[in-house]
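Peer 1: Have a look at this one.
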Amino acid sequence: MVRYYRTDDRKIHEEEGPGDGVWIDMINPSVSEGEELAEKLHIDVHDLLAALDEEESSRVELEDGYTLILVDIPATEIRHDKEEYTTIPLGIILTADMIITVCTEETTILQAFINGRVKEFSTKKKLRFVYQILFRIASFYQTNLRIIDKKRTEIEERIDDNTEDIDLIDLHALESTLVYFATSLRANAVVLDRLTRYKRLEQYPDDKDLLGDVIVENQQAIEMTMIYRDIINGTRELMSSVIDNRLNNVMKTLTCITLVMGIPTLISGLYGMNVDTRWMPLAHTPHGFGIICILVVTVCITLLLLLKRKRYL
């Protein structure tokens, strides 16, 4: 899908086709759409559709007549019937007259511009537009990082009561997401560093200040990612220790029960042997069976109290 936008008097409206000061928004375009637009604008179709490859790395490439900027943005996907976070490429192509964005799916980052929620946004100020996109990307990373930390907190609150194996799996998924985020944010930082030396298009002082804000926000997102990774790692180790401790307590309890139950088993086994009854204590004593039962119960209760006093139970 290909859509064309242009801002006039700080209001955005849709256009019929490409033109001076137009923003071309391409969402999962087909190869034929890419080839048609690439031919019109004299752009290499491989550069135009580079963002459709999920394995493309973030970079800045200066070509004849246009500049390609590739960055990674947060996205969601379904893994194991659950919604998980990942990153996907976003392509930004700057020409002398237009700006083109290419992504495999519709993202809230660009929807904010379409819905008019970004102040001082103009499709004619291409470089500032790029910096505004990058600023929202860094902010979106931070928003998702806070959501991830909230999920971790919810899992951590269940450690005392209802810890399950699925919680460990969820923590591992969150930790994997943070690995993706950290890799993408570092790659985006390289792109931002390259843009500080970008001289092809004129940069105004406000644009340079905005780029500085983007670099700060991206660095803050990197630091948040590292902090949350360390916290999740500590939470996972705590949860593993709690589960192991509970297993040890169960095994200790079962061992104590086995020890206590071994006493009546031993005595009943001795009395059940096929030997002369004259050698068996209380064999001919009236109420001998009751006396033996009372003795067994007494010994078992004594052993239970002793184990409890030693805090084995």
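Peer 1: Looking at Phe121, Phe135, can you tell me which residue is in a loop (DSSP other than H, G, I, E, B), open to solvent by 10 Å² or more (accessible area, probe 1.4 Å), touching a helix residue (DSSP H, G or I) at 6+ places or on another chain (Cβ under 9 Å) and not polar (S, T, N, Q)? Write out each step before concluding.
Peer 2: On the way: Phe135 fails: in a loop (DSSP other than H, G, I, E, B).
Answer to the selection: Phe121.
Peer 1: Might you check whether a residue that is more than 16 Å from the chain's Cα centre (by Cα) and open to solvent by 50 Å² or more (accessible area, probe 1.4 Å) occurs anywhere in segment 225-236? Walk me through it before giving the result.
Peer 2: The first filter runs over segment 225-236 and keeps only residues more than 16 Å from the chain's Cα centre (by Cα), leaving none.
No, segment 225-236 contains no residue that is more than 16 Å from the chain's Cα centre (by Cα) and open to solvent by 50 Å² or more (accessible area, probe 1.4 Å).
Peer 1: Still on this structure, I have one more. Select from segment 32-73 the residues that are over 20 Å from Phe140 (Cβ atoms) and assigned to a loop (DSSP other than H, G, I, E, B) and write down the one among them that is nearest to the chain's Cα centre (by Cα).
Peer 2: Ranking the qualifying residues of segment 32-73, first place goes to Glu55.
Peer 1: Something else now. Could you please find all residues in segment 4-31 being part of a strand (DSSP E or B) and touching a residue at least 60 places away in the same chain (Cβ under 8 Å)? Explain how you work it out, then say what you get.
Peer 2: Residues of segment 4-31 that are part of a strand (DSSP E or B), as a first pass: 4-8, 11-15, 23-27.
Matches in segment 4-31: Tyr5, Arg6, Thr7, Lys11, Ile12, Trp23, Ile24, Asp25, Met26, Ile27.
Peer 1: Could you grab me the full set of residues in segment 237-272 that are among the basic types (Lys, Arg) and surrounded by 13 or more Cβ atoms within 10 Å (Cβ to Cβ)?
Peer 2: The answer is Lys252, and nothing else.
Peer 1: Identify all residues within segment 18-76 that are open to solvent by 70 Å² or more (accessible area, probe 1.4 Å) and of a type in the set (Val, Ile, Thr); write none if there are none.
Peer 2: Val31
Peer 1: Also, I was wondering about something else. If the requirement is being at pLDDT below 80 and of a type outside the set (Val, Ile, Thr), which of these qualifies: Asp161, Asp149?
Peer 2: Numbers: Asp149 fails: at pLDDT below 80.
After ruling out the rest, the residue left standing is Asp161.
Peer 1: Going by what's in this entry, would Lys126 be described as charged (D, E, K, R) and surrounded by fewer than 16 Cβ atoms within 10 Å (Cβ to Cβ)?
Peer 2: Values: charged (D, E, K, R): yes; surrounded by fewer than 16 Cβ atoms within 10 Å (Cβ to Cβ): no.
Considered against the rule, which asks whether it is charged (D, E, K, R) and surrounded by fewer than 16 Cβ atoms within 10 Å (Cβ to Cβ), Lys126 comes out as no.
Okay, residues lined up against (1) closer than 30 Å to Arg158 by Cβ; (2) within 60 Å of the chain's Cα centre (by Cα); (3) modelled with pLDDT of 85 or more:
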| site | (1), (2), (3) |
| --- | --- |
| Val242 | yes, yes, no |
| Leu247 | yes, yes, no |
| Thr255 | yes, yes, yes |
| Pro281 | no, no, no |
| Ile291 | no, no, no |
| Val297 | no, yes, yes |
| Leu307 | no, yes, no |
| Arg311 | yes, yes, no |
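Peer 1: Residue by residue through segment 95-118, note down the ones that are more than 16 Å from Asn28 (Cβ to Cβ) and crowded, with 22+ Cβ neighbours inside 10 Å.
Peer 2: Ile99 - this is the single residue of segment 95-118 that is more than 16 Å from Asn28 (Cβ to Cβ) and crowded, with 22+ Cβ neighbours inside 10 Å.
The values are calculated or read from the model by the stated rules, or taken from the named source; none is laboratory data. The structure displayed is predicted, hence computed values, not measured ones. Please note: Cβ atoms are built from the backbone with ideal geometry, for glycine as well, and neighbour counts cover all protein chains shown. Side chains are part of the model used for accessible areas, which takes the heavy atoms of the whole protein and leaves out ligands, DNA and RNA. Shrake-Rupley method; radii C 1.70, N 1.55, O 1.52, S 1.80 Å.
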